[in-house]
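Just below is one structure, and these are the notes that go with it.
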Amino acid sequence: MLSAMTSISHRYCPCLRLLEGHLSLSFSLSMREMKQIHAHAITHGLARFAFVSSKILAFCSLSQRGDLRYAETLFSHMPLPTLFDFNSMITAFSRHSQLQKSSSLFPKMLNDGVRPNSRTFTALAKACLTLSFLQQVHVHITKTGNLFDVYLVSSVVSAYSKHGAIRAARRVFDESSHKNVACWTSLVTGYCNCGLISEARSLFDAIPQRNDVSYSAMVSGYVRNGYFREGLDLFRELKSCASVRPNNSLLVSVLNACATVGAFEEGRWIHSYVDENVLEYELELGTALIDFYAKCGCVEAAEQVFDSMKVKDVTTWSAMILGLAINGKNHMALEVFARMEKVGPKPNSVTFIGVLSACNHKDLFGDARRLFGYMSEKYGIVPSIEHYGCVVDVLARSGRTKEALTFIKSMPKEPDGAIWGSLLNGCLLHGHVELGHKVGRYLVEFEPRHSGRYVLLANVYASMGRWEGVFEMRKLMRQRGVPAVCAWSFIEIDQTIHKFAVDDKGCSYSGEIYQVLNHLGKKLEDYSVAKDLF
């Protein structure tokens, strides 16, 4: 049959030679050319051959140049779809996040008498919307004896982990006699996603041969769960391992940890590594570098990375705007936003959090409300609680506390504790003790378990000289069993990260530290008075 089809294709449709084993999904065909091939196939009666129709379907469904809707129509007109056809469509729907359609093909496949294989189950495991459907798929996998496929085992372990069924994931892992590093890594990721960091590390240490992906899974797991120092320690271990090169995903996770704890030298090493290995500033990596440098106060370095990136998405622009805003480069932040509107992507809600934050300057606070309205009018962005919070913070810091209160009362949604806290902080900053007292009393009842609210109100009482009010707040905290949560910060010295808490005197250099801190406080106060800053 194939030889007959070949002779017909050569005689009537030369372009169909592409389908005789030479067509791959990476081939430089366009969808328009594929439709021409399909038309020729139909015209010359070649579409009835499974070889031809399956190749066309695979291209339309799986190629980057394909058309899933066209593939879906083609599949629906196939009288007897093959296993290859079902696998193409299940995989395609899964890749396009159309998981319901992907899952619905499985019962149709069984009804048509088509026996699934490991590729079918691998795609289905990624498409399971519910735990119950995943369990059904797992039963079929076991019945057909496909659990010998290591890639399928990895997919099932990952699927169970995503549904929070970590015990089931571990059972599949333990029952499999064939495991590769992907299987181990899937379970490590599952443990991390469930917050079981100790179990994840024990499993990671047991991996016979770790690679960059397994290191990335463990480091990113540490970072996502707030174990920043442990993540950095593991990264340093990786650097001494000559057989493993860090991938971009790993570098992004480490940069996030560096930005959080202020591990500047480690982050700068990553930047040097990227440059020395001639790696491109891909979107995620470049954006992570911008965020790292901005949070470490190195605005110029962040700008250099930003300018070096060939492609910038809305996240990249937003990171640069916010980075400038948090470092006091308010006017520059708004200039970057203006440039974004001209040559960049369409701003989103995150972009405007940076833009509104940039208005926290005595020359710009009047722009906050204008830009708040502009956000909705020009871009149709519905303000979130974070946007309202930014405006309240700007107004309160500038001393316009009554205007801030009016703005809060006009909100269409219930203001949260952070918004009331910003108003209270502004009252404390500008000595508006009467309003501060009212807001503070409301706030400690609104968030009775938040220790910071009691501290702020106590500070208001202290500024009024009402020490009985300060003692009352401390007593109320004890009566309500509110734990005093201490703020803390990190600093890196000689690749060692030091953690400091509020009123921390445990360090052997605490005397010298407080002496410098008091000196800096005096300098800052003098500078604020001289520059008329609020």
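The values are calculated or read from the model by the stated rules, or taken from the named source; none is laboratory data. Note that the structure is a prediction, hence the values are computed from the model and not measured. Neighbour counts are summed over all protein chains in view; Cβ atoms, including those assigned to glycine, are modelled from backbone coordinates with ideal geometry. For accessibility, only protein heavy atoms count, side chains too; no ligands or nucleic acids. Shrake-Rupley method; radii C 1.70, N 1.55, O 1.52, S 1.80 Å.
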*Just one of (1) 159; (2) 144; (3) 221 is volume of the Cα convex hull per residue in Å³ calculated from these coordinates, so which is it?*
(3)
*asked:* To the nearest 20 Debye, how big is the dipole of region 43-200 about its Cα centre, given +1 on the beta carbon of each Lys and Arg and -1 on that of each Asp and Glu?
replied: 120
*asked:* Please report Rg (one decimal) and Dmax (integer) in Å for the Cα set of region 201-270.
replied: 11.2, 33
*Equivalent ellipsoid semi-axes for region 323-373, as square roots of 5 times the alpha carbon gyration tensor eigenvalues: give them largest first, rounded to whole Å.*
17, 12, 9
_Candidate lysines for bridging to residue 101, where Cα separation is under 18 Å - those fewer than 8 sequence places away on the same chain excluded_ = 126
*asked:* Ignoring ligands, DNA and RNA, please state the percent of accessible area on region 367-406 from carbon and sulfur, probe 1.4 Å.
replied: 53
*When the helix-only estimate is applied to the chain (DSSP H runs of n ≥ 4, each -39,500 (n - 2.57), divided by the residue count), what is the mean residue ellipticity at 222 nm, nearest 500 deg cm²/dmol?*
-21500 deg cm²/dmol
*asked:* Explain nothing, just the number: relative contact order of the chain, from Cα pairs under 8 Å at least 6 residues apart, as a whole percent.
replied: 6
*For helix 283-295, report the angle its Cα long axis makes with the longest principal axis of the Cα atoms of the chain; keep it between 0 and 90° and round to the nearest 10°.*
10
*Using a probe of 1.4 angstrom, how much of the accessible area of region 156-195 is carbon and sulfur, in percent?*
44
_Can you give me the angle between helix 118-127 and the longest principal axis of the chain, using Cα atoms only, in degrees from 0 to 90, rounded to the nearest 10?_
30
*asked:* Leaving out ligands and nucleic acids, and using a 1.4 Å probe, what accessible area per residue does region 159-280 come to in Å²?
replied: 45
*With all protein chains present, how much of the accessible area of region 68-134 (probe radius 1.4 Å) comes from carbon and sulfur, to the nearest whole percent?*
56
*In what sequence, highest mean first, do 221-230, 413-422 appear when ranked by Cβ atoms within 10 angstrom?*
221-230, 413-422
*Mind ordering 56-64, 70-78, 462-470 by average Cβ neighbours within 10 Å, highest first?*
56-64, 70-78, 462-470
*To the nearest 10 degrees, how steep is helix 50-62 against the longest Cα principal axis of the chain, on a 0 to 90 scale?*
10
*Using Cα pairs under 8 angstrom and six or more residues apart, how large is the relative contact order of region 220-291, in percent?*
31
*By average Cβ neighbour count within 10 Å, what is the ranking of 109-116, 385-392, 279-286 from highest down?*
385-392, 279-286, 109-116
*Dipole magnitude (debye, nearest 20) for the chain, charges at Cβ of Lys, Arg, Asp, Glu*: 1580
*Using a 1.4 Å probe and counting only protein heavy atoms, arrange 522, 312 so the residue with the most accessible area comes first.*
522, 312
*D_trans [Stokes-Einstein, Kirkwood Rh over alpha-carbon pairs] for region 163-210, 20 °C, 1.002 mPa s, µm² s⁻¹*: 200
*Which whole-number percent is the relative contact order of region 403-453 (Cα, under 8 Å, 6+ apart)?*
30
*Size of electric dipole in region 145-259: Cβ of Lys, Arg +1 and of Asp, Glu -1, about Cα centre, debye, nearest 20*: 160
